[in-house]
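I have placed the structure first, in the form of structure tokens, so that the comments after it can refer back to it.
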Amino acid sequence: MSRKFSLAYLTIPGICPQDQIRIAAEAGYDFVSLRTIPMYLPGEPEYLMDRDPQLFKETKAALEHYNMKLMDIELARVREDLDIADFEKAFEKGKELGATDVLSSIWSKDKPFYIERMGQICEMAKKYDLMVNLEFVTFAGVTNLAEAKEVQDALRANGISNLKIMVDTLHAHRSFVKPEEISALAKAEPDRFGFIHLCDGPKAVPAMDDPEMLGVARGARLYPGEGGADIAGMLKELKTNPISIELPNFEQMKAHGADGHARRCLETAKQYFAEHDLL
């Protein structure tokens, strides 16, 4: 099986890195994706490797003990009130732990500002041989494939080559990105895309001010095949890209625990991929 799977932080939110690594290893994942850059969300614990030497030491030991690899760290956001200089130490420590990628997103509508900032993030990440993956998010600043491609094109024109487009299957569905758009670009220029966030969600797309818009994204995503997103259509030309399963679901966590939910995420993903010739 060539497809590689990572366990994203948001699938089992609030779990410390050492336990996330253990859970990923025991469930059969190839990688973990850790949140090491703070989101400043109420009640969310912060696992900051660059500020906590003991946490860094324990996380490194857990990766070695469970023979687990770190794929990406998150979340390097572009927003007017965030100082991107704060990301560099996280990039440095992430690289020391073996990370190859950084997850990023844009939460501003000021195009010149966010293109400049994304370029700075990419240059910073390049010092640590990290690839930056730009996720377009339905309710953020850059919301769809065309906007993400525009950022990538602007940076490429300036000689910056370590920015990939990251497709989250829920956000792509909710941003009305046609699977054919992804397939056409991937077929023409496969190197534009990085890893993928995998999950499903309801077919109906809620209004932007509907509580379901955030509610599903943050705590009620569905296992692949259970919802209405055309995951197979989106990914048919992305058959070698790593998959980071980002599937927060509070009900499933309550019913099966973090371990059980993480295991079910991987099992249902592999079953779906096998049925749709995506492995």
Worksheet item: Pairs of lysine in the range 96-212 with Cα under 21 Å and at least 8 positions apart or on different chains: total?
Response: 14
Discussion item. In Å², and per residue, what accessible area does the chain have when probed at 1.4 Å with the other protein chains present?
Written reply: 43 Å²
Worksheet item: Fully extended, how many nm does the chain gain between GLN120 and THR240 (0.36 nm per residue separation, minus their Cα-Cα distance)?
Response: 40.4 nm
Item to complete: Can you tell me what the convex hull of the Cα atoms of the range 79-156 projects to on average, as an area in nm²?
Response: 4.9 nm²
Practice prompt. Please express the shape of the range 1-151 as an equivalent ellipsoid: the semi-axes are the square roots of 5 times the eigenvalues of the C-alpha gyration tensor, given largest first in whole angstrom.
Written response: 26, 17, 15
Fill in: Cα-based radius of gyration of the range 225-265 once divided by 2.2 N^0.38 Å, which approximates compact folds
1.41
Worksheet entry | Rg and Dmax of the range 87-219, Cα atoms only, in Å | 15.1, 42
Worksheet item: Counting Lys and Arg as +1 and Asp and Glu as -1, each charge on the Cβ, what is the dipole of the range 128-279 about the Cα centre in debye, to the nearest 20?
Response: 200 debye
Discussion item. Using the Kirkwood formula on the Cα atoms of the range 2-82, what hydrodynamic radius do you get, in angstrom to one decimal?
Written reply: 13.2 Å
Discussion item. Leaving out ligands, DNA and RNA, and with a 1.4 Å probe, what % of the accessible surface on the chain is carbon or sulfur?
Written reply: 51 percent
Discussion item. Pairwise over distinct Cα atoms, reciprocal of the mean inverse distance: report the Kirkwood radius of the range 150-279 in Å, one decimal place.
Written reply: 15.6 Å
Item to complete: Hey, can you grab everything whose amide H is under 5 Å from the amide H of GLY141? Only 5+ residues off in sequence or another chain; H modelled, so Pro and N-termini drop out.
Response: ILE106, TRP107, SER108
Discussion item. Loop only by DSSP, 14 or fewer other Cβ within 10 Å of the Cβ. Give me the chymotrypsin sites (Phe, Trp or Tyr not before Pro) in the range 27-108 that pass, ordered by residue number.
Written reply: TYR40
Worksheet item: Nearest-5 percent of antiparallel DSSP beta bridges in the range 146-264?
Response: 25 percent
Worksheet item: Given only helices, namely DSSP H runs of n ≥ 4 each adding -39500 (n - 2.57), what is the per-residue ellipticity at 222 nm of the chain, to the nearest 500 deg cm²/dmol?
Response: -13000 deg cm²/dmol
Response to the item:
Taking Rh as the Kirkwood radius computed over alpha-carbon pairs of the chain and applying Stokes-Einstein at 4 °C with viscosity 1.567 mPa s, one gets a diffusion coefficient in µm² s⁻¹ of 69 µm²/s
Discussion item. Can you return the aspartates and glutamates within cross-link range of LYS270? Criterion is Cα-Cα under 19 Å, with same-chain partners fewer than 8 residues away left out.
Written reply: GLU26, ASP30, ASP168, ASP200, GLU226, ASP230, GLU237, GLU246, ASP259
Item to complete: Can you tell me how much longer the chain between LEU48 and GLU88 gets when fully stretched, taken as 0.36 nm per residue apart minus their C-alpha distance, in nm with one decimal?
Response: 13.2 nm
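The values are calculated or read from the model by the stated rules, or taken from the named source; none is laboratory data. Model, not experiment: these values are computed from the prediction. Every residue, glycine as well, gets a Cβ built from its backbone with ideal geometry; the counts of neighbours run over all protein chains shown. Please note that ligands, DNA and RNA were not included when accessible areas were found on the heavy atoms of the full protein model with its side chains. Shrake-Rupley method; radii C 1.70, N 1.55, O 1.52, S 1.80 Å.
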